[in-house]
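**Student:** Okay, handing you the structure first.
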Amino acid sequence: MTGEFSPDWLTLREPADAAARAADLVAELPGPVRVIRDLGCGTGSLGRWLAPQLPAPQHWIMTDRDPALLKLAADGMPAEATVSTHLRDVTELTAADLDGTDLVTCSALLDLLTAEEVENLVAVCAETRVTALFTLSVTGEVKLSPEDPLDQTVQDAFNEHQRREVDGRRLLGPDAAGFTAAAFERAGARVLTRPSPWRLGPALSTLTDQWLQGWVAAAGDQRPDLALGGYLTRRSAAVPTASVGHQDLLAIFR
């Protein structure tokens, strides 16, 4: 998991993240949006994408459990935003934390949470009536070109891996997007969703290669019997194009 949150990896994926996010959901945000709390902010990629699309003044509360990432996020935000940081595990978020907040955001986070953790997060948003914009939740669908006979097998093993149990926590993995949307709807929110797939290929060759290696490695960890060395060798011989499924979600409490 350490690699998923390393500054180098988060920086490498930032252009693909920015291109994938559903910009039309920003136009649906109810105003005014002055105070934004970004959960699991990492290096601040979502803030750098969203802040220029919101009116000033705006204040961002960057929230993460990694102090080094918090500093990078605070230092890297656009000039139009003021920033404070909160060293906090996002699974411990309370209604008091959202006091005075207009919008809560996250990116590539929900699939790393459990059903109970998502339910608690939705309940906090519902209690405070705070709008939520949650982007880039993995949905599990991967389309590669050219195709390989093992693509579907690797995808299925990877998705099983994303649903694994970690320290007693059963991760939602690719089920997170649908689960979260349903939870917000049960809580009374108006929910809008959009597909936000990564578009990978030769133009993003380094990211594509690192994603492919990680995708295959996770599948192999889940299913050692698959012996995927030959598959990875074939896939790495030439950079494939890939569509990696994600979903963005906007939840608005009337």
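**Student:** Mind checking which of W49, L70, G31 is farthest towards the positive end of the stretch 1-96's charge dipole, using Cβ charges of +1 (Lys, Arg) and -1 (Asp, Glu) about the Cα centre?
**Tutor:** Projecting each Cα onto the dipole axis, the largest value belongs to G31.
**Student:** If you don't mind, another one. Which percent, to the nearest 5, of DSSP beta bridges fully inside the chain are antiparallel?
**Tutor:** Among the beta bridges of the chain, antiparallel pairing accounts for roughly 50 percent.
**Student:** Just add up the charged neighbours of F158: K/R +1, D/E -1, any other residue whose Cβ is under 12 Å from the Cβ of F158.
**Tutor:** After counting each charged neighbour, the total is -3.
**Student:** Ordered by packing density, taken as the mean number of other Cβ atoms within 10 Å over each peptide's residues, highest first, how do 63-70, 240-247 rank?
**Tutor:** 240-247, 63-70
**Student:** In the stretch 79-190, with Lys and Arg counted as +1 and Asp and Glu as -1 at Cβ, which of these residues, V122, H86, H161, has the Cα nearest the positive end of the dipole, that is, farthest along it?
**Tutor:** V122
**Student:** Same structure again: Full-extension gain between R234 and D66, please, as 0.36 nm times their residue separation minus the C-alpha to C-alpha distance.
**Tutor:** Value of the extension gain: 56.8 nm.
**Student:** Rank T193, G173, A219 by how far each Cα sits towards the positive end of the charge dipole of the stretch 101-246 (+1 on Lys, Arg Cβ; -1 on Asp, Glu Cβ) and give me just the farthest.
**Tutor:** Of T193, G173, A219, it is T193.
**Student:** To the nearest 10 degrees, how steeply does helix 151-162 sit against the main Cα axis of the chain, on a 0 to 90 scale?
**Tutor:** Roughly 40 degrees between the two axes.
**Student:** Roughly to the nearest percent, how much of the accessible area of the chain is carbon and sulfur, given a 1.4 Å probe?
**Tutor:** Heavy-atom surface of the chain belonging to carbon and sulfur, 1.4 Å probe: 52 percent.
**Student:** Here's a follow-up. If packing is taken as the mean number of other Cβ atoms within 10 Å per residue, what is the order of 22-32, 40-50, 197-207, highest first?
**Tutor:** With the highest mean Cβ count within 10 Å placed first, the list reads 40-50, 197-207, 22-32.
**Student:** Okay, next question. Would you please put 109-117, 131-139 in order of how densely packed they are, using the mean number of other Cβ atoms within 10 angstrom per residue and starting with the highest?
**Tutor:** Going from most to least packed, we get 131-139, 109-117.
**Student:** Give me the dipole magnitude in Debye, nearest 20, for the chain about the Cα centre, with unit charges on the beta carbon: positive for Lys and Arg, negative for Asp and Glu.
**Tutor:** It works out to roughly 440 debye.
**Student:** Pop out the ³J(HN,Hα) list for the stretch 37-45 in order, Karplus 6.51 cos²θ - 1.76 cosθ + 1.60 with θ = phi - 60°, rounded to Hz; leave Gly and Pro as x.
**Tutor:** 9, 9, 8, x, 5, x, 7, x, 4
**Student:** Also, quick follow-up: With an 8 Å Cα cut-off and a minimum separation of 6 or more residues, compute the relative contact order for the chain in percent.
**Tutor:** 21 percent
**Student:** Still on this structure: Quick check for me: using +1 on Lys/Arg Cβ and -1 on Asp/Glu Cβ, what's the dipole size of the stretch 51-137 about its Cα centre, in debye to the nearest 20?
**Tutor:** About 260 debye.
**Student:** Can you give me the long-range amide H partners of R34? Hydrogens built in the peptide plane at 1.01 Å from N, cutoff under 5 Å, separation of 5 or more residues or another chain.
**Tutor:** D102
**Student:** Per DSSP helix of 4 or more residues, -39500 (n - 2.57); summed, then divided by the residues of the chain. What does that give at 222 nm, rounded to the nearest 500?
**Tutor:** After summing the helix terms and dividing by residue count, I get -11500 deg cm²/dmol.
**Student:** Can you list the HN-Hα couplings for the stretch 67-75, worked out from phi with the Karplus curve (6.51, -1.76, 1.60; θ = phi - 60°), rounded to whole Hz and with x for Gly and Pro?
**Tutor:** Rounded to whole hertz, the list is x, 5, 5, 4, 5, 4, 5, 5, 6.
**Student:** What is the Cα centroid distance between the stretch 119-156 and the stretch 6-49, reported in whole angstrom?
**Tutor:** 15 Å
**Student:** Let me ask something else about it. Treating the angle as unsigned and between 0 and 90°, give the value, to the nearest 10°, between the Cα long axis of helix 176-186 and the longest Cα principal axis of the chain.
**Tutor:** Compared with the principal axis, the helix lies near 30 degrees.
**Student:** Along the stretch 48-62, what does the Karplus equation 6.51 cos²θ - 1.76 cosθ + 1.60 (θ = phi - 60°) give for ³J(HN,Hα), rounded to whole Hz, x for Gly and Pro?
**Tutor:** With the stated coefficients, the stretch 48-62 comes to 5, 6, 8, 3, x, 8, 10, x, 8, x, 8, 10, 10, 10, 7 Hz.
**Student:** Right, here's the next one. Could you calculate the contour length gain from Q210 to R169, that is, 0.36 nm times the residue separation minus the distance between their Cα atoms, to one decimal place in nm?
**Tutor:** Value of the extension gain: 12.1 nm.
The values are calculated or read from the model by the stated rules, or taken from the named source; none is laboratory data. Note that the coordinates shown come from a computational prediction; the quantities given were computed from them, not determined experimentally. Using ideal geometry, Cβ is built from the backbone for each residue, glycine included, and neighbour counts are taken over all protein chains shown. The accessibility values were calculated without ligands, DNA or RNA, using every heavy atom of the protein model including side chains. Shrake-Rupley method; radii C 1.70, N 1.55, O 1.52, S 1.80 Å.
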